[in-house]
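Each value in this text was obtained by applying a stated rule to the coordinates, not by laboratory testing. What you are looking at is a predicted structure, and each value in this text was computed from that prediction instead of being measured. Please note: Cβ atoms are built from the backbone with ideal geometry, for glycine as well, and neighbour counts cover all protein chains shown.
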Amino acid sequence: MSPIEVWRQIITDARKSWVLFENGTCVILMQPGDDLAAQAVALMKEWGPVHPGSSSGDFGVIELPDGLGWVVTDHHDDILTLVGPDEVSSGDVNDLVVGLLGRSKRDQDSEELRIVHVEDRRSVR
C-alpha cells in the first residue's frame, strides 16, 4: 500500500486536509488556509527540524493495525511521520529504532520540503 493510501486510511476525519512530504511526514491542517502546500511548508520549516537536546528530538511511536507500519509523533501534534514495515528489518523492530528513523525522516522532510501529495478536504463539511 502506498503512503498516500495509508494516510487516507488512518486519517479518519473526512474534514481534515493534509499534506504529505516525500519521506513520509504528514502535516494535518487543522485550520486550512487558501494555500495548503504553503501552510504545510511553513509548519515544517518551524516545527520539522530536529535540534538535539530540545523537545524537537522527542517522539512517540504508534503501531498501525494490519502490518501497515508505524506513525511517529513529535512535539507538534499535527506533524506525523509514517515508517513502513519495509523500512525496518524484522529483527530490529522496537520503538527506539522506529522512532529514531521517523524523527530522521521528519528532519529530512523539513530540509528538503518536497511535497508529494495534498489532500484537500475543505469542501467536506
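Exactly one residue among Trp18, Trp47 is of a type in the set (A, V, I, L, M, F, W, C), touching a helix residue (DSSP H, G or I) at 6+ places or on another chain (Cβ under 8 Å) and surrounded by fewer than 20 Cβ atoms within 10 Å (Cβ to Cβ), and that residue is Trp47. Taking the criterion of being small (Gly, Ala, Ser) and without any contact (Cβ under 8 Å) to a residue 24 or more places away in the chain, the residues of the range 10-40 that qualify are Gly33, Ala38. For the range 62-118, the candidate set comprises residues that are over 12 Å from the mean Cα position of the chain (by Cα) and of a type in the set (Ser, Thr, Tyr); within that set, the residue that is farthest from Val19 (Cα to Cα) is Ser90.
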